[in-house]
Amino acid sequence: MPNDDGANKTSPDDLLTIRRHLPDFTRLDGTINIRGLSKAVGGHRTTVDRRVKMIREEDLKAAQEAYTPDIDGIPETKPRVRVRAYNVSVTRDLPVRRVVVIGDLHMKPGMDFEHMRWIGRYVSEAKPDNVVQIGDAFDMSSCEFHSPPGSASQLHRPSFSEDIASGEEAFDTYHSEIGIGEIPHDVTLGNHEFRVWRLEELAPNLAGTLTLQLEQFFYRYRWRVTPYRQWLFMEGVGFTHVPMSIMQKPIGGRYPENTIGNQATHSIIFGHTHRNNSVTVPKIGINNSITITNVGSAMPHGYIPPYANGATTGYTYGIHDLRLRGGRVEGGNFISLLELEERFA
């Protein structure tokens, strides 16, 4: 029967007639004898071939709609776990922490602490997230063991209370510029503060008295204390006064940063040597490098401790303003005490 546009329309009866004869003209290999089928249904070969294709498409569509998978005989398996490597070197959405790091101070009676005012003014202006003093804040000459017993050096040592008073003078000067508690402050105690613990070990009658006074000093100014040899971590970066070797000895030498970098598994910020230096050490693995930052000293410019007098020291004097992200020192500036003096004196 022709359509409105003149084309022949295939009726369901035509397809049903072909379906009844289709099995008789289907070969073993699945092909259709179109010539024989056309004679049987009384149609043209081209028309019959087109209708056979229509029947096959209908059957395929019906089979897809009626398909139900048989899972009764399929054993259950564990789901596949996809592990994605986490590369902090290219991760930009990790938090950034700005930290002002103050190197070794070696506060002692008679020292000029005007530089502490300049440091306080810089911190007040810069407004970092944290301030860290890397240790040896005190010189603690009252507790030193280098002078021979009965020597003039030993007789002229300051008292412990005089050492604490020098720290109060320095911190009062510093905190006159940046209010106490406005910004979190930490100190990682150094080997010079550890002199107090060593003295109490040798003089059991003093046990707990001097160390308590030292800890109370920092707490009065709201500085959190990390013990000597221990670690303070921020954004995956470890702060300590000086990293220890496997034998619990301070790692030293002319270029301690290289030795530390070869042994370390995380980025480190330290002091102790009074020499500013920073190196990036490549590592095998996802986090393919670490940073080792030596912050030098923050003693008055040009000051040389008596025990190093006459040595080719190469000391640096200043503070660091660092950006930490993803377990590394991402960037930062070293600001010398001379620059601080020019800006804030």
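The values are calculated or read from the model by the stated rules, or taken from the named source; none is laboratory data. What you are looking at is a predicted structure, and each value in this text was computed from that prediction instead of being measured. As a convention, Cβ positions derive from the backbone with ideal geometry for all residues, glycine included, and neighbour counts pool all protein chains shown. In case anyone asks, the SASA skips ligands and DNA or RNA and just uses the protein heavy atoms, side chains included. Shrake-Rupley method; radii C 1.70, N 1.55, O 1.52, S 1.80 Å.
Couple of notes before you dig in:
- Residue check, residue 59 at pLDDT 75 or above, exposed (fewer than 10 other Cβ atoms within 10 Å of the Cβ) and at negative phi: no
- Some residue of the stretch 120-129 being under 26 Å from residue 319 (Cβ atoms), open to solvent by 10 Å² or more (accessible area, probe 1.4 Å) and touching a helix residue (DSSP H, G or I) at 6+ places or on another chain (Cβ under 7 Å): yes
- Checklist (1) over 27 Å from residue 329 (Cα atoms); (2) surrounded by 18 or more Cβ atoms within 10 Å (Cβ to Cβ); (3) of a type in the set (A, V, I, L, M, F, W, C) applied to residue 202, failing item: (2)
- Criterion: modelled with pLDDT under 95 and charged (D, E, K, R) - qualifying residue of 162, 144, 125, 114: 144
- Selection of the stretch 275-297 for residues being touching an Asp or Glu at 6+ places or on another chain (Cβ under 6 Å) and open to solvent by less than 10 Å² (accessible area, probe 1.4 Å) yields 292, 294, 297.
- One residue stands out among those in the stretch 298-331 that are open to solvent by 50 Å² or more (accessible area, probe 1.4 Å) and under 24 Å from the mean Cα position of the chain (by Cα): the one that is farthest from residue 96 (Cα to Cα), which is 330.
Each row is one residue, and each column tells you yes or no for (1) in contact with a Pro (Cβ under 8 Å, 6 or more places away or on another chain); (2) touching a residue at least 12 places away in the same chain (Cβ under 8 Å); (3) in a strand (DSSP E or B).
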{"site": "266", "(1), (2), (3)": "no, yes, no"}
{"site": "272", "(1), (2), (3)": "yes, yes, no"}
{"site": "292", "(1), (2), (3)": "no, yes, yes"}
{"site": "300", "(1), (2), (3)": "no, yes, no"}
{"site": "303", "(1), (2), (3)": "no, yes, no"}
{"site": "322", "(1), (2), (3)": "no, yes, yes"}
{"site": "329", "(1), (2), (3)": "no, yes, yes"}
{"site": "332", "(1), (2), (3)": "no, yes, yes"}
{"site": "339", "(1), (2), (3)": "no, yes, no"}
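- Screening residue 172 against (1) in contact (Cβ under 8 Å) with a residue 12 or more places away in the chain; (2) closer than 17 Å to residue 102 by Cα; (3) open to solvent by 50 Å² or more (accessible area, probe 1.4 Å) leaves a single unmet condition, (1).
- Residue list for the stretch 229-262, filter: within 26 Å of residue 184 (Cβ to Cβ) and of a type in the set (Gly, Ala, Ser): 236, 238
- Considering only residues in the stretch 146-180 that are of a type in the set (Gly, Ala, Ser) and part of a loop (DSSP other than H, G, I, E, B), the one that is nearest to residue 130 (Cα to Cα) turns out to be 179.
- Scanning the stretch 93-111 for residues that are modelled with pLDDT of 95 or more and farther than 25 Å from residue 141 by Cβ returns 97, 98, 99, 100.
- The condition (being over 20 Å from residue 270 (Cα atoms), without any contact (Cβ under 8 Å) to a residue 12 or more places away in the chain and touching a helix residue (DSSP H, G or I) at 6+ places or on another chain (Cβ under 9 Å)) is satisfied by just one residue among 167, 208, 150: 208.
- For residue 215: the one exception among (1) crowded, with 17+ Cβ neighbours inside 10 Å; (2) touching a strand residue (DSSP E or B) at 6+ places or on another chain (Cβ under 7 Å): (1)
- Residue 79 vs. criteria at pLDDT below 75, open to solvent by 50 Å² or more (accessible area, probe 1.4 Å) and more than 37 Å from the chain's Cα centre (by Cα): no
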